[in-house]
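First comes the structure, then the notes that go with it.
The values are calculated or read from the model by the stated rules, or taken from the named source; none is laboratory data. Owing to the predicted nature of the structure, the values given are computational and were not obtained by experimental measurement. All Cβ positions, glycine included, derive from the backbone under ideal geometry; neighbour counts span all protein chains shown.
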Amino acid sequence: MSRLPRVVVPFIVVLLGGCVTQSLIRKPPAGTQNNPAKVSNPVLVELNWSGIKDAYGTPSMSLDGVDRTSALVGSGQQQASATFTLMPGPHDLWAAISINSSLYPQHTETLSFEVIGPGFALDVNPSKVQIPPGGSANAMVTLKTTGGFNGAVTIIASVLPASLSQTITPPGASTQWQIAFGAQPTAATTSVTDTITGSGPCSPNCSGTLTSSVALTVEVPPPTVTSASPNVQARGASVTVNGANFSTDCSRNTVTVAGVSNVMTANCSNSSLTFTVPTTAVPGATQLFVFTNGTKSNSIGFTVARQPGSFVEISNDIVGQVGTSRLCSTGTVRLDVCPPNCPGHPVGAYVATFNNVPGAVIGATIEFRRNSSSVSGLGGAGFSFCSVGIVLDGDASGYTAELMALKFLDLQSGANFLVNPYPFNYYLPGSTTGYSPRIFRSPDGTLILVVAPATVGPAKLTAGFIDAVSGKLIKQESISTATMLISATVTSNNQISLTADTMTFPLISIP
């Protein structure tokens, strides 16, 4: 006999074999590749290695890729067998035995066969369930029978993480089951495979227990934000966030907006929650997102609006104010004004210093003068709330005597607004008529309006809106008359409405 590396017998593939007189796999019988053997349950697998020269030990075996060696029972005559109840359909059997040979140390065979008779399979719909924290979802499992199967089938499910629950209804034998899933409000984002296994006695005209499994994906998805209503809102006002997969426990959801994190929520459901725009949120366009049980959502655009309402004139709090010491409205910032001839400064200059109470100097000191050549006493320093320091230089250095300037200081950061001071003339264009600058603030103090003579005609006045958040000039409007009737309002749509005398200007969008 010759030693062959590969021997093919009727639909049995033999690899790395020794001297072979009979195959290792005796049952099920071998068919052909196009017509595999057909067997009924229970399926008898029989191995015999007496016809394989130099074989030793006990064989290994797998069925449909699963190791079934432990099922083999030996008779002591170089043979072993096992009995299985298998679902109808094709199956693959693999077996191997060790050979006392350095060239071919193992004899391996594979056999394909088909089981005929009654059976069943399970179908699950949907194949993936998504459960928000504190929410629920359902799946239906349906029994599909073949070959006239009429056995009673029950199902069981995998063990899920502690934060998830599942209940099978009915709990006993049926042809259809509902699985009700739940997630605790504290459930973190996760994805697990839930294996549903059905089992039942093979019937009719067969014995043993048939089993079939189907996989179901169970997810707690991350939070998703779809919209905010309104998506433009002032500080201190309420916003509703719409989306999915929020926790029903509000303490498990937080909002981050305009750089402020851990903003607490209220009125929480799986699809919506509310929050109050923090008073510390920086006004302007920003991003908003939600954290649920530590998982971050996508972000959406949101605008922290300015507080709606009318601008208030604060000219008298600044123009002519040169007292030695003043406090802002809350007493948190003190303004000190050093009179003319202040040490270390030019002759005739006043020096404004803003200080935290208690604490250090805010930013740099600001020099200013009171105009004495064109109008007596025009100059001063003061506050817009306790957030902006404003200084009027009544005789701007290096310019004509008629040129004045406003200087602004952010009392939180200590930074100066604008690249240069905000300049303007005292006299109206083409005349000797003077017009004292008028200064207004918006309700929340984040916008400053300066009305002053225009630099050139034909306009008489210029209304300049300055953003106290970015420190930039938003818009200048030209006013044709030297009116004292000035009215400005921040609308609920985060725009500025300006009226001068009988003239109404187009709405100005606030960045």
> Within the stretch 128-170, which residues are in contact with a Leu (Cβ under 9 Å, 6 or more places away or on another chain), of a type outside the set (A, V, I, L, M, F, W, C) and within 26 Å of Asn205 (Cα to Cα)?
Replying inline: Thr142, Lys144, Gly151
>> So Thr455 ticks every box in (1) hydroxyl-bearing (Ser, Thr, Tyr); (2) farther than 24 Å from Gln307 by Cα; (3) in a strand (DSSP E or B) but one. Which box is left unticked?
In response: (3)
> Out of curiosity, is Ser227 surrounded by fewer than 17 Cβ atoms within 10 Å (Cβ to Cβ), within 19 Å of the chain's Cα centre (by Cα), touching a residue at least 40 places away in the same chain (Cβ under 8 Å) and in a strand (DSSP E or B)?
Replying inline: yes
> From the list Ser247, Ser203, Ser207, which one is assigned to a loop (DSSP other than H, G, I, E, B), touching a Pro at 6+ places or on another chain (Cβ under 9 Å) and not assigned by TED's automatic domain parsing to the domain that holds Asp123?
Replying inline: Ser247
> With (1) more than 14 Å from the chain's Cα centre (by Cα); (2) surrounded by fewer than 21 Cβ atoms within 10 Å (Cβ to Cβ); (3) hydrophobic (A, V, I, L, M, F, W, C) as the list, and Cys268 as the residue in question, which single condition is left unmet?
Replying inline: (2)
> Would a scan of the stretch 475-488 turn up a residue that is on the phi > 0 side of the Ramachandran plot, outside any strand (DSSP E or B) and touching a residue at least 40 places away in the same chain (Cβ under 8 Å)?
Replying inline: no
>> Within the stretch 45-58, does at least one residue satisfy the condition of being closer than 27 Å to Ser213 by Cβ, surrounded by 17 or more Cβ atoms within 10 Å (Cβ to Cβ) and among the β-branched types (Val, Ile, Thr)?
In response: yes
>> Condition check: assigned to a strand (DSSP E or B), among the basic types (Lys, Arg) and farther than 30 Å from Phe181 by Cα. Does Lys38 satisfy that?
In response: yes
> Got at least one residue in the stretch 380-401 being modelled with pLDDT of 90 or more, within 30 Å of Gly331 (Cβ to Cβ), of a type in the set (Ser, Thr, Tyr) and not in a strand (DSSP E or B)?
Replying inline: yes
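Considering only the stretch 166-180, state which residues are of a type outside the set (S, T, N, Q), part of a strand (DSSP E or B) and touching a Ser or Thr at 6+ places or on another chain (Cβ under 6 Å).
Step one: list which residues in the stretch 166-180 are of a type outside the set (S, T, N, Q), which gives 168, 170-173, 177, 179-180.
After this cut, where a residue has to be part of a strand (DSSP E or B) as well, the list is 168, 177, 179-180.
Result: Ala180, single match.
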>> Residues that are in contact with a strand residue (DSSP E or B) (Cβ under 7 Å, 6 or more places away or on another chain), among the hydroxyl-bearing types (Ser, Thr, Tyr), at pLDDT 90 or above and not in a strand (DSSP E or B): does the stretch 97-115 have at least one?
In response: no
>> Restricting to the stretch 306-336, and then to whatever is on the phi > 0 side of the Ramachandran plot and not in a strand (DSSP E or B), can you tell me which residue is surrounded by the fewest Cβ atoms within 10 Å (Cβ to Cβ)?
In response: Gly331
